[in-house]
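In what follows, a single structure is set out as structure tokens and then discussed.
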Amino acid sequence: MHNDLWQSYRPNGAPKQGEGLTRKDLTKDTIVAAAHVWLWRRSSDGGCDILLQRRADQVKNWPGYWDISAAGHVSLGETPLDAALREAQEEIGMTLDTSRVKFIGSLPKRKSAYSEFHFIYTYEYNDEPLDMVDGEAAALRWVPYDTFRQMVEQPEDAMLVPHRPLYFALLMKELGRVSRES
């Protein structure tokens, strides 16, 4: 269930029960969360490809840049996994099989006006239908692991939304592991 209230969190990452915030409520002392889902698939060469979403030109943050397969804020009463499932459905029209969703970690991030936790998931894609549904995505693109690694090393040149080095290190460790498993 999606609503306009974001779940509020404590500094230790635990949700505050019953406390939701709107974007206007956010201050330097508030903490919210976002769920990030990175889809990957086995490639013909035995490695893996990563699905990137190009952000629509009309979105406020990073218009036209490549980013996470699907992501969004955790709504009041949702778990981060619930938000990941909802965002995949809303943004790329995909119903994720929860048995294939893998939690790889959470990281705090200080933004200019507030703080948030990023709950990061990966998902092995198996040819399920994809459809850009909500207008946030302008395009979808599969990139080989090695290409994605280069994009991570030079995000501005690749027009990839930059994330902190620790975030990309966590993600690349997991994607590198699945790429080598083949």
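Which of rounded, prolate or oblate describes the chain when judged by the alpha-carbon gyration tensor and an a/c cut-off of 1.5?
Prolate, because a/c is 1.5 or more and a/b exceeds b/c.
How much length, in nm to one decimal, is gained on full extension between residue 44 and residue 133, taken as 0.36 nm per residue of separation minus their Cα-Cα distance?
29.2 nm
If you roll a 1.4 Å probe over the heavy atoms of the protein chains, what accessible area per residue do you get for the chain, in Å²?
50 Å²
Using amide H atoms built 1.01 Å from N in the peptide plane, name the residues 5+ places from residue 72, or on other chains, whose amide H lies under 5 Å from its own.
So residue 72 has HN proximity to 35.
Taking the Cα atoms only, what angle lies between the long axis of helix 165-181 and the longest principal axis of the chain, rounded to 10 degrees?
Between the helix axis and the principal axis of the chain, the angle is about 40 degrees.
Between residue 180 and residue 159, what's the calculated FRET efficiency when r is the beta-carbon distance and R0 is 30 Å? Round to 0.05.
FRET efficiency, residue 180 to residue 159: 0.65.
Over region 1-89, what percent of the accessible surface lies on carbon and sulfur atoms, probe 1.4 Å?
Roughly 50 percent, rounded to a whole number.
Dipole magnitude of the chain about its Cα centre, charges +1 at Lys/Arg Cβ and -1 at Asp/Glu Cβ only, in debye to the nearest 20?
Its charge dipole is roughly 700 debye.
Using only the alpha-carbon atoms, how far is helix 80-92 inclined from the longest principal axis of the chain? Give it as 0 to 90 degrees, nearest 10.
60 degrees
Say each of residue 90 and residue 103 gets a label point 7 Å from the Cα, pointing the same way as Cα to Cβ; how far apart are those two points in nm?
2.1 nm
In straight Cα distance, which lysines are under 27 Å from residue 102, not counting same-chain residues fewer than 8 positions off?
Within the straight-line cut-off, residue 102 pairs with 16, 111, 173.
Between 59, 133, 32, where does the largest GNM mean-square fluctuation fall for the chain, given springs only between Cα atoms within less than 10 Å?
59
Per the helix-only calculation at 222 nm, which mean residue ellipticity applies to the chain, given -39500 (n - 2.57) for every DSSP H run of n ≥ 4 and division by its residues, nearest 500 deg cm²/dmol?
That calculation yields -7000 deg cm²/dmol at 222 nm.
Rounded, prolate or oblate: which fits region 137-182 when a ≥ b ≥ c are the square roots of the eigenvalues of the alpha-carbon gyration tensor, with rounded for a/c under 1.5 and prolate only if a/b beats b/c?
Oblate shape, in that a/c is at least 1.5 and b/c is the bigger or equal ratio.
Considering only protein heavy atoms and a probe of 1.4 Å, how much of the accessible area of region 97-182 is carbon and sulfur, as a whole percent?
That share works out to 52 percent.
The values are calculated or read from the model by the stated rules, or taken from the named source; none is laboratory data. This one's a predicted model, so the numbers in the text were calculated from it and none came from an experiment. Every residue, glycine among them, receives a Cβ derived from its backbone with ideal geometry; neighbour counts consider all protein chains shown. Keep in mind that these areas ignore ligands, DNA and RNA; they rest on the heavy atoms of the full protein, side chains included. Shrake-Rupley method; radii C 1.70, N 1.55, O 1.52, S 1.80 Å.
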